[in-house]
Amino acid sequence: MNNKIIILWGFIVFGLVISIYLIGISKSDEVKYNELKESLKLSINRYLDDYDLWPTDSITITSEELIENDYLNDLVYEGSKCSASVVVTKASSKYKYEYDISCVYE
């Protein structure tokens, strides 16, 4: 084979490996963030069930409120302490959750 073709294939394979690695890292972060949101949602649902606070319109629940009432230990994302405010809105027969999560990175 010609040396130029071998070098070209080397660059193509290297580029593909790097691309797959970067996509994997970004998806890993997305999965962690979705797990954080799901944990928060489960805590909110337990809290709303126990206090019968399911909204007919909307209600805002904070992570501090969940922590104070022992529904959440703490809110940590990638080693950083976070706080959240979640608006729960009744949409037909389901509830919609809008998350506002902020983390302090040190």
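Assorted remarks:
- Set LYS94, LYS37, LYS41: member being open to solvent by 70 Å² or more (accessible area, probe 1.4 Å) and either of a type in the set (D, E, K, R) or under 22 Å from the mean Cα position of the chain (by Cα) (or both): LYS94
- One residue alone among LYS96, LYS81, LYS90 is in a strand (DSSP E or B) and either β-branched (Val, Ile, Thr) or more than 17 Å from ASN34 (Cα to Cα) (or both), and that residue is LYS90.
- Enumeration of residues in region 71-91 that are at pLDDT 95 or above and over 14 Å from the mean Cα position of the chain (by Cα): TYR71, VAL87, VAL88, THR89
- Matching residues in region 56-78 - criterion: being under 14 Å from LEU36 (Cβ atoms) and of a type in the set (Phe, Trp, Tyr): TYR77
- Residue tally, condition without any contact (Cβ under 8 Å) to a residue 12 or more places away in the chain, within 14 Å of VAL88 (Cβ to Cβ) and among the polar types (S, T, N, Q), over region 29-72: 1
- Residues in region 44-63 that are more than 17 Å from ILE101 (Cα to Cα), open to solvent by 60 Å² or more (accessible area, probe 1.4 Å) and either assigned to a strand (DSSP E or B) or of a type outside the set (A, V, I, L, M, F, W, C) (or both): ARG46, ASP49, ASP50, TYR51, ASP52, THR56, ASP57, SER58.
The values are calculated or read from the model by the stated rules, or taken from the named source; none is laboratory data. It should be emphasised that the depicted structure is a prediction, and the values quoted were computed from it without experimental measurement. Because the Cβ atoms are built from the backbone with ideal geometry, glycine has one as well, and the counts that use them run over all protein chains shown. Ligands, DNA and RNA are stripped out before the accessible areas are found, and what is left, the full protein with its side chains, is counted by its heavy atoms. Shrake-Rupley method; radii C 1.70, N 1.55, O 1.52, S 1.80 Å.
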